[in-house]
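The values are calculated or read from the model by the stated rules, or taken from the named source; none is laboratory data. Here the structure is a predicted model, which means the values were calculated and not measured. Please note: Cβ atoms are built from the backbone with ideal geometry, for glycine as well, and neighbour counts cover all protein chains shown.
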């Protein structure tokens, strides 16, 4: 079976499974009443995607397929948004979680450090 045939047979299954899933959309609470305020509160670069969400329902009904293919959101922000929408459904208000400064070194810095170590 070719790769194209395999992906073609999987695509309808994914779409039909996603269409059948019923998602609970929580009511806005506290200061989180728009997608903009929600995405700004969770941080990590998600606030730049505020214009992609039409309204509150669109934010909470979007699944990973919609976020990836229709809205063009990258994997890190996509996972972060999905995690926080689920936590909001469970009653946890979003708050900013800072990334660790220890692992925030850029790729170019890591490569330069590795090159210096090889030279020593």
Q. Among the residues of the range 1-35, which ones are at pLDDT 55 or above, surrounded by 12 or more Cβ atoms within 10 Å (Cβ to Cβ) and assigned to a helix (DSSP H, G or I)?
A. 35
Q) Which number in (1) touching a helix residue (DSSP H, G or I) at 6+ places or on another chain (Cβ under 7 Å); (2) modelled with pLDDT under 80 marks the one condition that residue 44 misses? A) (2)
Q.
As an exercise: evaluate residue 94 against (1) in contact (Cβ under 8 Å) with a residue 12 or more places away in the chain; (2) in a helix (DSSP H, G or I) and give the number of the one condition it does not meet.
A. (2)
**Q.** Only one of 38, 88, 53 that is in contact with a strand residue (DSSP E or B) (Cβ under 7 Å, 6 or more places away or on another chain), within 23 Å of residue 23 (Cβ to Cβ) and surrounded by 14 or more Cβ atoms within 10 Å (Cβ to Cβ)
**A.** 38
Q: Tell me which of these residue 95 doesn't satisfy, since it passes every other one: (1) closer than 19 Å to residue 37 by Cβ; (2) in contact with a helix residue (DSSP H, G or I) (Cβ under 8 Å, 6 or more places away or on another chain); (3) modelled with pLDDT of 90 or more.
A: (3)
Q. Quick one: how many residues across the range 55-67 are outside any helix (DSSP H, G or I) and either modelled with pLDDT under 90 or under 15 Å from residue 84 (Cα atoms) (or both)?
A. 2
